[in-house]
Amino acid sequence: MSTSVRECLELQLLEMDMLFSMFPRKEDIVVKGVNSLSILQRYLEGTYESLPPSIEFNVFIKTDDLKEKTELHVYLPHSYPTKEPQLFVRSGALDKLQHNDLNKCLTTYINSLERGDLCITNAIQWLTDNISSYVEKSKLNNGNEADVKKVSITFHRMWIYSHHIYRQELRKKILDCAKQLHLTGFCLTGKPGVICIEGDKERCEEFWRDIRYPNWKHISCKHTESQEVTDSMDSLRLFQSFEELTFEAHGDYGLRNDYHMDLGQFFEYLRRHQSEHIFQILFGIEGKSSSDSFAE
């Protein structure tokens, strides 16, 4: 007999209690969404009718032989543990290669476990047992590259399109994530929604991975631009900070929440930042000034 979503959520709440017992300090396990667990509890008690938000949290793991903690990001779909969780490890002690290898091996390990069984504690134990070996490989890689006078860095720019960006919670997450990763660019709110981020390629990819939790629908990366640099990448930036853009609605839509943003104003903004070429890539039409109208 298949396990219902309600049964899965009951198991998830049970596992969260176990994790809080393992990590009693607040700074060692941080749940995203201050009310997410209380909403889940109310749902299971029958006092909250809508399906609660998925549980998403970070666990900070300290091992005896490492100076800094390792961060394990966890996202639990509603059907976990019958469906595998989404896990991602971050550590300042790992280089890019070992980051990738570690996360691939962790995913392989989790996929090898029996579905239907809680496995986050298993993932934590696996990470505790194996993180040191990946750190040592990173040190060896760094030692082999010590004689290289100039290290090449990839400057990256991503143009991301969404059907719309409205929710305040999502807009805050986008701004906070970009600032934490030291990325520049913008987020155009409304309908359609557009995000541009630029900076170190690895950080851009981390941003793209983070904002898609939990499985954001109707979003895609339309275009990317990359360039190898050995000095500062600041000269390649088109934007000096990360900002949120809001333009007037196209047409008189009153208080409706499905309005289209004025694409003419957006095209002028792109032109001021030497990016007017991207308009056709995003929307499939030629850009026009705000004095002209756009076909919807």
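The values are calculated or read from the model by the stated rules, or taken from the named source; none is laboratory data. No experiment lies behind these values; they were computed from the predicted model shown. Don't worry about glycine lacking a Cβ; one is built from the backbone with ideal geometry, like all the others, and counts go over all protein chains shown. Heads up: the accessible areas ignore ligands, DNA and RNA and are worked out on the full protein's heavy atoms, side chains in. Shrake-Rupley method; radii C 1.70, N 1.55, O 1.52, S 1.80 Å.
Just add up the charged neighbours of LYS201: K/R +1, D/E -1, any other residue whose Cβ is under 11 Å from the Cβ of LYS201.
With Lys, Arg at +1 and Asp, Glu at -1, the neighbours total -4.
For the pair SER21 and GLU136, how long in nm is the line joining their label points, each one 7 Å along Cα→Cβ?
That separation, rounded to one decimal, is 3.4 nm.
Starting from the amide H of LEU188, placed 1.01 Å from N in the peptide plane, find each other amide H under 5 Å away whose residue is 5 or more places distant or on another chain.
So LEU188 has HN proximity to VAL194, ILE195, CYS196, LEU245.
Report the GluC sites (Glu not before Pro) located in the stretch 175-249 that are in a DSSP loop and have at most 15 other Cβ atoms inside 10 Å of their Cβ, or state none.
Working: sites: GLU198, GLU202, GLU205, GLU206, GLU225, GLU228, GLU243, GLU244, GLU248; in loops: GLU248.
Counting only loop positions with at most 15 other Cβ atoms within 10 Å, the GluC sites (Glu not before Pro) in the stretch 175-249 are GLU248.
Calculate what fraction, in whole %, of the accessible area of the chain sits on carbon and sulfur atoms when a 1.4 Å probe is rolled over the protein chains.
It is 49 percent, rounded to a whole number.
Measuring from a point 7 Å past the Cα of ARG115 along Cα-to-C-beta, which residues in the stretch 1-29 have an amide N at less than 12 Å?
Hits in the stretch 1-29 for ARG115 at 12 Å: 2-3.
Relative to the longest principal Cα axis of the chain, at what angle does helix 168-180 sit, 0 to 90 degrees, rounded to 10?
Relative to the chain, helix 168-180 is tipped by roughly 80 degrees.
Treat each spin label as a single point 7 Å out from the Cα along the C-beta direction, and report the LEU238 to TRP216 distance in nm.
It is 1.8 nm.
Quick one: 3J(HN,Hα) in Hz for the stretch 221-226, Karplus 6.51/-1.76/1.60 with θ = phi - 60°, rounded, Gly and Pro as x.
In residue order, the calculated couplings are 8, 7, 7, 10, 9, 9 Hz.
With +1 on the Cβ of every Lys and Arg and -1 on the Cβ of every Asp and Glu, and nothing else charged, how large is the dipole of the chain about its Cα centre, in debye rounded to the nearest 20?
Computed charge dipole of the chain: roughly 100 debye.
Rounded, prolate or oblate for the chain? Axes are the square roots of the Cα gyration tensor eigenvalues, ordered a ≥ b ≥ c, and the cut-off for rounded is a/c under 1.5.
Because a/c hits 1.5 or more and a/b fails to exceed b/c, the chain counts as oblate.
Rounding to the nearest 20 debye, state how big the charge dipole of the stretch 1-160 is about its Cα centre with +1 on each Lys and Arg Cβ and -1 on each Asp and Glu Cβ.
Dipole of the stretch 1-160, to the nearest 20 debye: 680 debye.
Amide H neighbours of HIS164 under 5 Å, counting only residues 5+ apart in sequence or on other chains, H built in-plane at 1.01 Å?
For HIS164, the qualifying residues are GLY193.
How much length is gained on full extension from THR128 to HIS223, taking 0.36 nm per residue of separation minus their Cα-Cα distance?
Details: separation 95, 0.36 × 95 = 34.20 nm, distance 3.80 nm.
Gain in length upon complete extension: 30.4 nm.
Determine the sum of side-chain charges near LEU66: Lys and Arg each +1, Asp and Glu each -1, restricted to other residues whose C-beta is under 15 angstrom from that of LEU66.
Working: positive: LYS62, LYS67, LYS69, ARG90, LYS137, LYS139; negative: ASP28, ASP64, ASP65, GLU68, GLU71, ASP95, ASP129, GLU136.
Once all neighbours under 15 Å are counted, the net charge is -2.
Going by a ≥ b ≥ c, the root eigenvalues of the Cα gyration tensor, does the stretch 1-93 fall in the rounded group (a/c under 1.5), the prolate group (a/b larger than b/c) or the oblate group?
In terms of gyration-tensor shape, prolate.
Ordered by residue, what ³J(HN,Hα) values in Hz, to whole numbers, does the stretch 29-45 give under the Karplus form 6.51 cos²θ - 1.76 cosθ + 1.60, where θ = phi - 60° and Gly and Pro are x?
Karplus values, whole Hz, x for Gly and Pro: 9, 10, 8, 7, x, 4, 10, 4, 6, 5, 5, 4, 4, 5, 4, 5, 7.
Given labels modelled 7 Å from the Cα in the Cβ direction, how far is it in nm from LEU66 to ILE281?
3.6 nm
With the other protein chains left in place, how much accessible area per residue, in square angstrom, belongs to the stretch 162-249 at a 1.4 angstrom probe?
Averaged over the residues of the stretch 162-249, the accessible area is 52 Å².
What are the residues whose amide H is under 5 Å from the amide H of MET261, where those residues sit 5 or more places off or on another chain and H is modelled from the backbone?
Close amide H contacts, sequence-distant or interchain: LYS191, HIS250.
Between helix 263-272 and the chain, what is the angle of the helix's C-alpha long axis to the longest principal axis, kept within 0 to 90° and rounded to the nearest 10?
So the inclination is approximately 90 degrees.
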